[in-house]
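**Q** Dropping a structure here in structure tokens format, bear with me for questions.
The values are calculated or read from the model by the stated rules, or taken from the named source; none is laboratory data. These numbers were taken from a predicted model, which means no experiment stands behind them. Positions of Cβ are generated from backbone atoms using ideal geometry, with glycine treated the same way; all protein chains shown enter the neighbour counts. Heavy atoms of the whole protein, side chains included, go into the accessibility calculation; ligands, DNA and RNA do not. Shrake-Rupley method; radii C 1.70, N 1.55, O 1.52, S 1.80 Å.
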Amino acid sequence: MNHIKCKTRTSFLTFLFLVISLSVLSQSGVIRGFVYEKETGEPVIFTNVLLQGTSFGASTDVNGYYVISQVPAGSYTLRVTNLGYDTLLVPVTVKANEIIDQNLFLDKASYTLQTVDVTATRQEMRTQTRTSVIKVTPKEINQIPAVGGQADLAQYLQVLPGVIFTGDQGGQLYIRGGSPIQNKVLLDGMVIYNPFHSIGLFSVFDTDILRNVEVYTGGFGAEYGGRISSIMDLTTRDGNKKRLSGRIGANTFGSSLLMEGPITRQTEENPNSTSFIFSLKNSYLEESSKIFYDYIDTAGLPFNYLDMYGKFSLNAANGSKINVFGFNFTDKVNNFRALSDFSWKAMGAGTNIVVIPGNSPVLIEGTFAYSDYEITLEEKSSPPRTSKINGFNMGLNFTYFQGKNELEYGIEMLGFKTDYFFLTSTNRSIEQEENTTELGVFAKYKISTGKFIIEPGFRLQWYASLSNISPEPRLAMKYNATDRFRLKFATGLYSQNLISARSDRDVVNLFYGFLSGPENLPKKFDGEDVTHKLQKAEHAIIGLEYDVFANATINLEAYYKNFSQLTNVNRNKIFDENDAPDQPDILKKDFIIERGDAQGIDFTFKYDLSRFYLWAVYSFAYVNRFTEDPEGGLEHYYPHFDRRHNVNLLASWRFGKGMEWEFNARWNYGSGFPFTKTAGFYEKIIFDNGINTNYITENGELGIIYGDLNTGRLPSYHRMDVSMKRTFHFTEYTKLEVNLSVTNIYDRNNIFYIDRVTNERVDQLPIMPSMGVNLSF
């Protein structure tokens, strides 16, 4: 009887809770919509939409979308503020249990404000965890000195905290101890396998097609998976919905073309629209360098590329849309110094959707894409290498808004094929052809309570080809101690399948190939059983944010990444596994296991006004790797991208009556990279005829005896770049921009490498003046 009473009481309380919840919901409503730029119809991202005189409000996302939920019934005034736009005030009436769709259109300010009451960036810092993430827009990219007269994302990424750039020619970006293969790059949700060109100064992305770039240097949320170090998420613009416009540019390095416009024009009477955007850029440096930069190399600088990207957008009145996009990127280096021929090409296409359901405060986003990448390297003194990867990725995400709280969940699926061939220095082949499928599901929930923001998340990643499941909890937190001071924390577990096909001993390290994680790994590492075939890492980040004054912010973060299992190509293989069963794994396996860690501190200072911008970064870091020797002992080494100190200073100043002049300067200092010293030389007999080779009469090749791995250190690196820009306005929409820039203005001799055989020193790029013009219409 008591059991029945208890059960009845519980049922009654549950019913009462539901009635109260529904009663509360029925007394409130939802305001949602998109914020657009009136002139072009392009979404205005990261801007504040507030209910004036209340604590209710939201910031727009990367689609310009905002949701203000659980608003009590009544009449309000929507207030929209963003630097560079006139403040917008719109009256709204909220009714109980109803959703109001309110799209907002902003006019560009007739004069430039020095500040606004509450900037969207400052508001986002108080309402989002934002640990180890940097948001980059074309505005920031254009404030860096434009190498070759062309501002580029690759140049701006080099000034971000925790990012290490290894050189002007063939350089790659390494993010907080992670190699390029451990950084996932997404373009409109599509996986991009190689985002940078060989010269290292340019990415495959045209700056003017970008809407926003988010760089997660660690501790990223459950919505991202398949990489163990970092994420780079790029979103492109939809194209002008009001008029045909474009830009034509040319400089001493290359040229570019951008066209965009409506197919069906957006008007107040017909808010539906279709639009397109297309960009093309190329390099003719191989020819122009013979004219402008013959003092570097009379044969020219043989770096060539051609990048094309196109997008078609279908936009509904309520903000729902479908995008269809495609790209083709190519890169080629012709007989440069130690290289005979090097080239890669990438292509892909896809679609993504944004859906706004009629009667629910939910945002639905989906992606389906296919991409293909192929790279070839043929060296004069080394065997050729080839690598291919192609496949699809698809995903569907749901975001449910509950007042200041948010629930996001989704599913992601990837399928790809890798094909790789490589001959070691002992003529042992390493080959792989593999089909792989990955499936990930995730959920995360943002809770805002008092001064705390807590964001727990969980991702389950299944690697079909390896028969491994990886459960990956994530957590991010922020404590708003005061209105100007905030503490933050993030941690998580991460895994990935893909491994790199490059060698740490490559002098000119242009080859950027991909391998699927192999099944045939050593059974033990450091005396312990290997229980899975994945690469795994654990991140922990703690930091603080402090608003020094209205337009200045300090950010300080300390991080630790434990790379608990890494898979690498075995550079020490000298036996075929089937022919030498008694030999240690380090001498016969195609792939070996390593582990490592990265730890450091990143400091940034940002000051941003309409006329003056200052960005200062200091990074202190250690990156360690541990591998086994043939006797089974553990050896420590520093990878070739380990840099102890890295400093970046960036300043931009706009001046003149109409601020038509702009001066930019950037200075970078980095302590020396590690390298492997040459211990000696010997005659290497190839044994082309196997046991029938007469080693007494056979002419051998020059063999190199390497010293201990990466025990040497190169000299420090430093460089200063400057640029001056002048804009001429002809009509409301037509303007000409002239850019003069100088790279390495004080002509610092930064070492690139020393040829081990000839002992010739090869330096990074010397002083390089350049000029560019861009006509916008």
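**Q** What single numbered condition from (1) open to solvent by 30 Å² or more (accessible area, probe 1.4 Å); (2) assigned to a strand (DSSP E or B) fails to hold for Pro715?
**A** (2)
**Q** Further question on the same structure: Is it true that some residue in segment 200-221 is farther than 23 Å from Lys311 by Cβ, assigned to a strand (DSSP E or B) and open to solvent by 10 Å² or more (accessible area, probe 1.4 Å)?
**A** Yes, because at least one residue in segment 200-221 is farther than 23 Å from Lys311 by Cβ, assigned to a strand (DSSP E or B) and open to solvent by 10 Å² or more (accessible area, probe 1.4 Å).
**Q** Just to be sure I understand, how many residues within segment 190-199 are surrounded by fewer than 24 Cβ atoms within 10 Å (Cβ to Cβ) and in a loop (DSSP other than H, G, I, E, B)?
**A** Counting residues in segment 190-199 that are surrounded by fewer than 24 Cβ atoms within 10 Å (Cβ to Cβ) and in a loop (DSSP other than H, G, I, E, B) gives 3.
**Q** Let me confirm something: among Ser179, Ser203, which residue is in contact with a Pro (Cβ under 9 Å, 6 or more places away or on another chain) and within 19 Å of Arg237 (Cβ to Cβ)?
**A** Just one listed residue meets the conditions, Ser203.
**Q** Scanning for something open to solvent by 40 Å² or more (accessible area, probe 1.4 Å) and at pLDDT 95 or above, does segment 337-344 turn up at least one residue?
**A** Scanning segment 337-344, I find no residue that is open to solvent by 40 Å² or more (accessible area, probe 1.4 Å) and at pLDDT 95 or above, so the answer is no.
**Q** In addition: Among the residues of segment 755-777, what is the count of those that are touching a Leu at 6+ places or on another chain (Cβ under 9 Å) and of a type in the set (A, V, I, L, M)?
**A** Residues that pass the stated criteria total 5.
**Q** Something else now. Considering every residue within segment 32-43, establish whether at least one is touching a helix residue (DSSP H, G or I) at 6+ places or on another chain (Cβ under 6 Å), surrounded by 21 or more Cβ atoms within 10 Å (Cβ to Cβ) and not aliphatic (A, V, I, L, M).
**A** no
**Q** Okay, moving on. Of everything in segment 631-658, what is in contact with a Leu (Cβ under 6 Å, 6 or more places away or on another chain) and either without any contact (Cβ under 8 Å) to a residue 60 or more places away in the chain or in a loop (DSSP other than H, G, I, E, B) (or both)? Give them in sequence order.
**A** Passing the criteria: only Ala651.
Here is a yes/no grid of residues against (1) of a type in the set (Asp, Glu); (2) outside any strand (DSSP E or B):
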site	(1), (2)
Leu258	no, no
Gln266	no, yes
Thr274	no, no
Glu287	yes, yes
Asp297	yes, yes
Gly319	no, yes
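**Q** Let me ask you something else. Does Asn318 fit the bill of being open to solvent by 20 Å² or more (accessible area, probe 1.4 Å), in contact with an Asp or Glu (Cβ under 7 Å, 6 or more places away or on another chain) and under 30 Å from Ile31 (Cβ atoms)?
**A** Yes, satisfied.
**Q** Give the residues of segment 486-512 that are at pLDDT 80 or above and in a loop (DSSP other than H, G, I, E, B), sorted by residue number.
**A** Within segment 486-512, Asn497, Leu498 meet the criteria.
**Q** Under the condition of being open to solvent by 10 Å² or more (accessible area, probe 1.4 Å) and part of a strand (DSSP E or B), which residue from segment 222-245 is farthest from Gln496 (Cα to Cα)?
**A** Restricting to residues being open to solvent by 10 Å² or more (accessible area, probe 1.4 Å) and part of a strand (DSSP E or B), the top hit is Thr235.
**Q** Only one of Gly310, Gly300 is touching a helix residue (DSSP H, G or I) at 6+ places or on another chain (Cβ under 8 Å), free of Cβ contacts under 8 Å to residues at least 40 places away in the same chain and surrounded by fewer than 21 Cβ atoms within 10 Å (Cβ to Cβ). Can you tell me which?
**A** Just a single option satisfies the conditions, and that option is Gly300.
**Q** Select from segment 438-466 the residues that are open to solvent by 50 Å² or more (accessible area, probe 1.4 Å), touching a residue at least 24 places away in the same chain (Cβ under 8 Å) and not in a strand (DSSP E or B) and list them in ascending order.
**A** Passing the criteria: only Lys451.
**Q** Restrict the check to segment 589-596 and report whether at least one residue is on the phi < 0 side of the Ramachandran plot, over 24 Å from the mean Cα position of the chain (by Cα), part of a loop (DSSP other than H, G, I, E, B) and not small (Gly, Ala, Ser).
**A** Yes: segment 589-596 contains one or more residues that are on the phi < 0 side of the Ramachandran plot, over 24 Å from the mean Cα position of the chain (by Cα), part of a loop (DSSP other than H, G, I, E, B) and not small (Gly, Ala, Ser).
**Q** With the structure loaded, tell me whether Thr93 is more than 22 Å from Tyr400 (Cα to Cα), of a type in the set (Val, Ile, Thr) and out of contact with any Leu (no Cβ under 8 Å at 6 or more places or on another chain) or whether it fails that test.
**A** yes
**Q** Turning to a different aspect of this structure: Enumerate the pairs (first residue in segment 589-609 and farther than 30 Å from Lys573 by Cα; second residue anywhere and small (Gly, Ala, Ser) and assigned to a strand (DSSP E or B)) with beta-carbon separation below 6 Å, excluding pairs fewer than 6 apart on the same chain, so at least 6 apart or on different chains.
**A** Close Cβ pairs satisfying both conditions: Gly600/Ala621; Ile601/Ala558; Asp602/Ser619; Phe605/Ala616; Tyr607/Ala552.
**Q** For Leu556, only one of the following conditions fails: (1) crowded, with 20+ Cβ neighbours inside 10 Å; (2) assigned to a strand (DSSP E or B); (3) out of contact with any helix residue (DSSP H, G or I) (no Cβ under 9 Å at 6 or more places or on another chain). What is its number?
**A** Of the numbered conditions (1) crowded, with 20+ Cβ neighbours inside 10 Å; (2) assigned to a strand (DSSP E or B); (3) out of contact with any helix residue (DSSP H, G or I) (no Cβ under 9 Å at 6 or more places or on another chain), the odd one out for Leu556 is (1).
**Q** Could you list, in sequence order, the residues of segment 61-96 that are aromatic (Phe, Trp, Tyr) and either open to solvent by less than 30 Å² (accessible area, probe 1.4 Å) or in contact (Cβ under 8 Å) with a residue 60 or more places away in the chain (or both)?
**A** Passing the criteria: Tyr65, Tyr66.
This table checks each residue for (1) open to solvent by 10 Å² or more (accessible area, probe 1.4 Å); (2) in a loop (DSSP other than H, G, I, E, B); (3) farther than 29 Å from Glu455 by Cα.
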residue: Arg130; (1), (2), (3): yes, yes, no
residue: Gln143; (1), (2), (3): yes, yes, yes
residue: Gly148; (1), (2), (3): no, no, yes
residue: Val159; (1), (2), (3): no, yes, no
residue: Gly167; (1), (2), (3): no, yes, yes
residue: Tyr174; (1), (2), (3): no, no, no
residue: Lys184; (1), (2), (3): no, no, no
